[in-house]
Structure formats: C-alpha cells, structure tokens
Amino acid sequence: MNFYAIRAIYIFEMSRTWRTLMQSIASPILSTSLYFVVFGAAIGSRMGEIDGISYGAFIIPGLIMLSLLSESISNAAFGIYFPKFSGTLYEVLSAPISSLEIVMGYVGAAASKSIILGLLILMTAQLFVDYEIMHPLWMITFLILTSITFSLFGFIIGLWADDFQKLQIIPLMVVMPLTFLGGAFYSIDMLPEPWQTLTLFNPVVYLISGFRWSFYGIADVNVAISLGMIFGFMLLCLATIQWIFKTGYRLKT
Amino acid sequence: MDKKKINCLSSAISIHNLSKTYASGFVALNNIDLEIYHGEIFALLGPNGAGKTTLINIICGIVTPSEGTIMVDGHNTLTAFRAARSRIGLVPQELSTAAFESVLNTVNFSRGLFGKASNPTYIEKILRELSLWDKRHEKIVALSGGMKRRLLIAKALSHEPQILFLDEPSAGVDVKLRRDMWLMVRRLRENGVTIILTTHYIEEAEEMADRIGIINNGEIIMVENKAILMNKLGKKQLALTLQNPLSTLPSELEKFNLSFSDGGKVLIYTYDAQQEQTGIPELLQQLGEHGIDFKDLNTSESSLEDIFVSLVKEK
Ligand SMILES: Nc1ncnc2c1ncn2[C@@H]1O[C@H](COP(=O)(O)OP(=O)(O)OP(=O)(O)O)[C@@H](O)[C@H]1O
Ligand SMILES: [Mg+2]
C-alpha cells in the first residue's frame, strides 16, 4: 500500500476545498438555509405535522441528503475530471500507485468534504428549527455511507466525462429530480397511486427514508432495505471503477 | 541497493517487441527492441510524430502497449509496476500543471505520489538548483513557460528517481537555462542516474548524449554510440574557393561528384572520412592540370544534424 500517495492526493484535494471555501462549503450551506427559511419557518408554520413531526424538522434529513448527493457527485467528479482535462493526470498515471489507492485518495477527499458539509448543514438547521436525533450513530453511518457511495458515483462520472457539459448533466438531469421526487419534502404515503408505487423505483427514496428514520424513527420503507440499497449501489460503483481502471477506459490511450 | 555494484553495461530499461496501435488504428510504434544502459545519457531523435512521446509514455505507464514487454531494472512495467515506476521520473513534453497550486505544494505532492516520506532539505536543494526556490510560494499560473518547464523537472526529480525521462526538456527554455539544464543533467548522471531525452535541437544530443537512437515512423532505425555514429556516417567536405567562378567542369572531373556553391565561387568535394583513399590528392592534381586555381580551402565534418536528416530522408 502506497500510503504516502493516498495521503498526497487526499491533502491535495482537501486543500482545493479550503481554497474554494465559498463555493464548496459556504454556498451549499447558504442554499440549504434558504430552504429551511422558506419551507421550514415560513411555509412550514402553516403546514400540519407529518407523523407527529413538525414540517420544518421533517424536511431536514431530505435536505441534507439533497446537498450530500449533489456535492459528493460534483466534488468527486470535478476532482478527477480536472486533472484529466488539464493533463496533470499523467503524473498520477505514472506513479507507483494502484487504482484502489487512487480511488481512496480522490473519493476519500470528496466524501470527507460531504461529511463535513452534512454536519455543518445539520448544525445550521438548529438555527431555524428544533429537532432531535433518535439514533445518532445510525445517522452518522448513513451520512458516511451515502457520502462515500455518491463520491464513488461522481468519480465515475468524472472519469467518463470528456467535456464540462457531461460533468454537469447527470447531477442536474438525473440526481436533482430523483432527490426532489424522493420524498425530501413529503412522506411518500402522501402520494396518490400510481405515484406511490412508481416512487419505489427511485433509489433516492430509500436513502432519504433510512436517513430520516435515524432522526425520527419513522420510515417509508424498511431500514434494512435502505442500507442494502446503499451497499448495493456502492458495490456497483466499485465494480465499475475497477473495470475502468483495468481497461484504461477514457484514462489511457 | 548498492549503486556501485551495478555493472556499467547492465540494462536499466529493456524493451522487447514493443508495438502500439492507437484506438484510431494508427500504428505509432512497430516492433521496438531497445536497451538503455545504467548510467548513460541516451538521446532519442526523430521527426515530429515519429513515436518518441508514445514510447516514453508507454514505459512510464501512461499509455498501454498493444504488444511487447518492458523491464525496468528487471521489473516488468505491467506486472511489477510499483517497482518499475518508483524508479522513474518523467518530465513530459506538454506543460501541464495544476494552475492554482503553489510551487512547493505541487513538488511535495509529486514526492508523496511516488511513495516517499517528505524531505524538505532535498526539495529545497532541487528547487534551488532549478532557480525556483524564490518562487516556491507562487501559484503556478504566475510562472513563465520556462519556469514551468523547470517546475516539471523539479517534480520529476522530487522522488529521487534512478531513471529520468526528459521529453523535449529544452523546448521554450532560454540559452542560459539550457546550459544550466545540461549541467544539471550531467551532475545527475555523475550520481548514477540514467537519462533518456528527446530533443529537436540536435546539437543538444551531440553535446550531451553517450548513445543516440533514431526513430522514424514508429521504428527504431538506428541505435549507436554517438562517437561511432558520427564517425561511421560522418562525411567530410572539402570546399575550394576558386580564383575565377565557374559554371561547368571538364568531363574528366565528373567522377569526383563535385558541386558548386555560392554561385560557382566555391567548389565542394564530399568524401568519406573512413576511407583510406580520400581522393583529395588526385582531385587537386586534376584541377591543376585543367588550370582551375583556388585561393582558399577548408574541410568540414558533417554534423549529427546532417546525419539525422539524411537517415530520416532515406527511409
Ligand atoms: N491518442 C492518440 N490517438 C491516436 N494517434 C495518436 C495518439 N497520440 C499520438 N498519436 C499519433 O502517434 C504518432 C506518434 O506520436 P508521438 O507523440 O509519439 O510523436 P513524437 O515523436 O513524440 O512527436 P513530436 O516530436 O512532435 O513530439 C503521431 O502520428 C500521432 O499523431
Ligand atoms: Mg513528442
């Protein structure tokens, strides 16, 4: 194991975060705060409780997931896309480092950022709404697993993308809609049929449901299924990355 | 590992049957066999598109070979890539750097990537040698092209490689810096580093290299000790400045294959320096017989550049 290399990539990526602090941390926090103000405080005060939880508190897990997914994906995608685009990736490719180590460095950094971001949003939420976390350890587990999984997914997008448009298109066109429709703002049993059944094909539903369970003990779907979905997706991403490195797809000519 | 024990003629890099066909179907390298010896400076020459960068990138692991094997100090570049790659430093042809990083950070990053614990003293030494120490806190975007080139050299040296590839190191580097770079390369070689460079400045190869390989259309067409190469292919020229300019020569002189230059004022005789009989006495005698007088004469040896041009043209 080339630990120095993993560390070098990790530090390099994290220092990019600090350099672009406004963009990478401050702006997601700001936009999530706006959601809390609008949906939690303003509109939420006129809404009834859902499963005995105030609307403002109900949307916290979903909103954190929303940021977590989009930030994990875009951080990890950009982290690997940029060296590929600027040509500096040659150095990583020529280094005595395995694909697993490359992934650990880049994905580790992207996931760390997301975890930090998720916790910051959680603290910010305290300013706007009251909430309690019923299963803090599970909450952290979901936070970490989701960050890693979607950073892996972002890493794949970064490897695959060969222009800036492709870099943005999946987060924007697929992940955003899925998250919005994934029960961030409502409980899925509030939906009429057939939407309620169709929604179960949206993987994000399982993420939000599981994460919300760790807060309030209520879930749209079984928690074990939620966990299983995350692990399944993580394995799928790992396998894809392994294949990309093995074949050199879009990395080596 | 004890460097002194390495035999001078053992192979640092050993390439067998190497071929590369790009996805486009273009054959960039065709069945290359090449040995690079420990401690030598090897210059790879060839016209644009000959396959120099492709060859270097394959050895360094950036491009995948289609066929063939490469051993670096006995380690296969594909199956024992860690051992192979950790010995190699690469200065790429393209100036690609992480624009917003500082000089020092990016050099430390390179060292880490190659699995070495940080060593500020050593990094300071190479940055000073490359006149980059004063710039260590600058962002890379703020560097000039020549400075970036030196930064790439610093990055390549950051992990103390035993083999250094310089892909056109002197492109865009001014004369003084080029001299400094040559000195540095020599110093590295004295410390046992094997150096492989490509260049389009043939005088650079002529000045620096121990051996020269010529590559054209993806094939190595010649590998030779520089001195032997110069000798073997070196043609000498005798230039006679005539008293009176001429446009034609008597037919008896045809066998000498003479040519004019400078509008008939200079007569040029080309001969093989290796030959016992240069033919010069005969030529001078015949010229005298035909009453062709000259006021000056000098000889010159063809440079590596001439050799290179004629070889590449031939194939
Ligand atoms: N990714 C690629 N896909 C297809 N063809 C390529 C690719 N990279 C290089 N080539 C082709 O392979 C040939 C060799 O390129 P290479 O860069 O190795 O040449 P070179 O000898 O380094 O030239 P130069 O002196 O210009 O640097 C060229 O004809 C080039 O067009
Ligand atoms: Mg080249």
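Place a +1 charge on the Cβ of each Lys and Arg in the stretch B:84-132 and a -1 charge on the Cβ of each Asp and Glu, then give the dipole magnitude about the Cα centre in debye, rounded to the nearest 20.
On the way: 6 positive and 4 negative charges, 55 e Å.
Roughly 260 debye for the stretch B:84-132.
From the Kirkwood radius over Cα pairs of the stretch B:3-231, Stokes-Einstein at 4 °C and 1.567 mPa s returns a whole-number translational diffusion coefficient of 72 µm²/s. Positive end of the dipole of chain B (Cβ unit charges, origin at the Cα centre): among B:G25, B:N231, B:A83, the Cα lying farthest that way belongs to B:A83. Our note on the geometry: Cα centres of the stretch A:97-140 and the stretch B:260-293, 85 Å apart.
When chain A is treated as a Gaussian network with alpha carbon springs shorter than 10 Å, the biggest mean-square fluctuation among A:E101, A:E71, A:E193 belongs to A:E193.
Each residue of the stretch A:25-37 is assigned a 3J(HN,Hα), and the resulting list reads 10, 5, 5, x, 5, 4, 5, 5, 4, 4, 4, 4, 5 Hz, derived from the Karplus form 6.51 cos²θ - 1.76 cosθ + 1.60 (θ = phi - 60°), x at Gly and Pro. Set the Cα radius of gyration of the stretch A:79-200 against 2.2 N^0.38 Å, with N its number of residues, and you get 1.33.
Computing FRET efficiency as 1/(1 + (r/R0)^6) for A:Q242 and B:T64, where r is the C-beta to C-beta distance and R0 is 22 Å, gives about 0.85.
What total accessible area, in Å², is buried where chains B and A meet, using a 1.4 Å probe and rounding to the nearest 100? Can you show the working numbers first?
Numbers: alone 16350 and 12490 Å², together 26390 Å².
The buried area between B and A, both sides summed, comes to about 2400 Å².
Interface burial in the stretch A:206-253 reaches 20 Å² or more for A:K252, A:T253, comparing the full protein assembly with the chain by itself; accessible area from heavy atoms with a 1.4 Å probe.
Can you compute the FRET efficiency between B:E203 and B:E124 using 1/(1 + (r/R0)^6), with r the Cβ-Cβ distance and R0 = 25 Å? Round to the nearest 0.05. Please report the intermediate quantities before stating the final value.
Numbers: r = 33 Å, r/R0 = 1.31.
Computed FRET efficiency for B:E203 and B:E124 comes out at 0.15.
What FRET efficiency would be calculated for the residue pair B:W182, B:R82, taking the C-beta separation as r and a Förster radius of 30 Å, to the nearest 0.05?
0.40
Compared with the direct C-alpha span, the chain from B:N217 to B:E289 gains 21.0 nm at full extension, assuming 0.36 nm per residue. For chain A, the longest principal axis of the alpha carbon atoms and the long axis of helix A:55-86 meet at an angle near 10°.
Ordering B:T248, B:L127, B:W182 by Cα displacement along the dipole of chain B toward the positive end leaves B:L127 in first place; charges were set at the Cβ atoms of Lys, Arg (+1) and Asp, Glu (-1). Among A:P61, A:P203, A:P192, the largest mean-square fluctuation in a Gaussian network model of chain A (Cα springs under 10 Å) belongs to A:P192. For the stretch A:3-247, the pair-distance distribution built from all alpha carbon pairs, in bins 5 Å wide starting at 0, is 1, 6, 13, 18, 19, 15, 12, 7, 4, 2, 1, 0 percent. Label-to-label distance, B:E224 versus A:V37, with points set 7 angstrom from Cα along the beta-carbon direction: 7.9 nm. Approximating the spin labels as points 7 Å out from Cα along Cα→Cβ, the A:M123-to-A:Q196 distance works out to 4.1 nm.
Over the protein assembly as shown, all Cα pairs binned in 10 Å intervals from 0 give whole-percent P(r) values of 3, 15, 20, 17, 14, 11, 8, 5, 3, 2, 1, 0, 0, listed from short to long. Here the dipole of chain B is about 1740 debye; that uses its Cα centre as origin and unit charges on the Cβ of Lys and Arg (positive) and Asp and Glu (negative).
Looking at the stretch B:234-314, I'd like the Rg to Rh ratio, where Rg is from alpha-carbon atoms and Rh is Kirkwood's inverse mean 1/r.
On the way: Rg = 13.4 Å, Rh = 13.6 Å.
Radius of gyration over Kirkwood radius for the stretch B:234-314 works out to 0.99.
Close amide-amide hydrogen proximity is noted between B:T64 and A:T253, each under 5 Å apart and 5 or more residues distant or on a separate chain (H modeled in the peptide plane; Pro and chain starts excluded).
The values are calculated or read from the model by the stated rules, or taken from the named source; none is laboratory data. Keep in mind that this is a model prediction, so the values were computed, not measured. Glycine also receives a Cβ, built like all others from the backbone with ideal geometry; neighbour counts cover every protein chain displayed. Keep in mind that these areas ignore ligands, DNA and RNA; they rest on the heavy atoms of the full protein, side chains included. Shrake-Rupley method; radii C 1.70, N 1.55, O 1.52, S 1.80 Å.
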